[in-house]
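Structure first, then comments.
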Amino acid sequence: MNSSALENSTSESLNTRKLRCKLWAVGGGKGGIGKSIVSLNLAYWLAKLNQKVVLVDADLGGANLHTLLGIKFVKYTLADYLNKRVKSLDDITITTPVSGLRLICGASDIVGLANPKYLQKQKIIKALQKLDADHLILDLGAGSNYDTLDFFLSCNYKIAVITPQPTALQNGY
């Protein structure tokens, strides 16, 4: 196989993988309304259907999905990727107790990560699309700030979690 044929087959396989991988965003206007629970349940059941799932804690200022999965200590987070302490998102991906489900943690202890620059968000989004997964599920932080909206709008599938309380309805809208 010549080099141009190899390049074409490589780019075709990357494009096929991009089309195959579904990006999900789970967001909502208020904190405490169940976004993380919805994200985790979606990821859990997709993994149970033999899908390769990466759950991303994209609540960059208040990451806590690892706690819901029973993981006490997280060695690397998205902050390590953005600060170039690791080379790829694969380096920070955590195997979970659920077969087929991996986790990428945001950082809850680093204030600067709560407000990433636009280029940093784009770097994360592009790197996520390169992961070997059938589904990428982004558990977003509360509200409608630019960071949350940029991640929300970058996904193919969007879920807005609301509750019947007037403030949750208002903020969800």
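We did not get these values from a lab; they are worked out from the coordinates using the rules stated. Remember, it's a predicted structure, so these values are computed and weren't measured experimentally. Neighbour counts run over all protein chains shown; Cβ positions are idealised from the backbone, glycine included.
Structure summary
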quantity	calculated
Segments 97-107, 157-167 sorted - mean Cβ within 10 Å per residue, highest first	97-107, 157-167
Three-way shape label, the range 17-137, alpha-carbon gyration tensor, a/c 1.5	rounded
Net charge, GLY172 excluded, C-beta distance under 15 Å - Lys, Arg +1, Asp, Glu -1	+3
Set LYS48/LYS75; LYS87/LYS117; LYS48/LYS121; LYS52/LYS117; LYS87/LYS158 screened for pairs whose C-alpha atoms are more than 24 Å apart	LYS48/LYS75; LYS48/LYS121; LYS52/LYS117; LYS87/LYS158
Ascending count of other beta-carbon atoms within 10 Å, so fewest first, for LYS52, LYS84, LYS117	LYS84, LYS117, LYS52
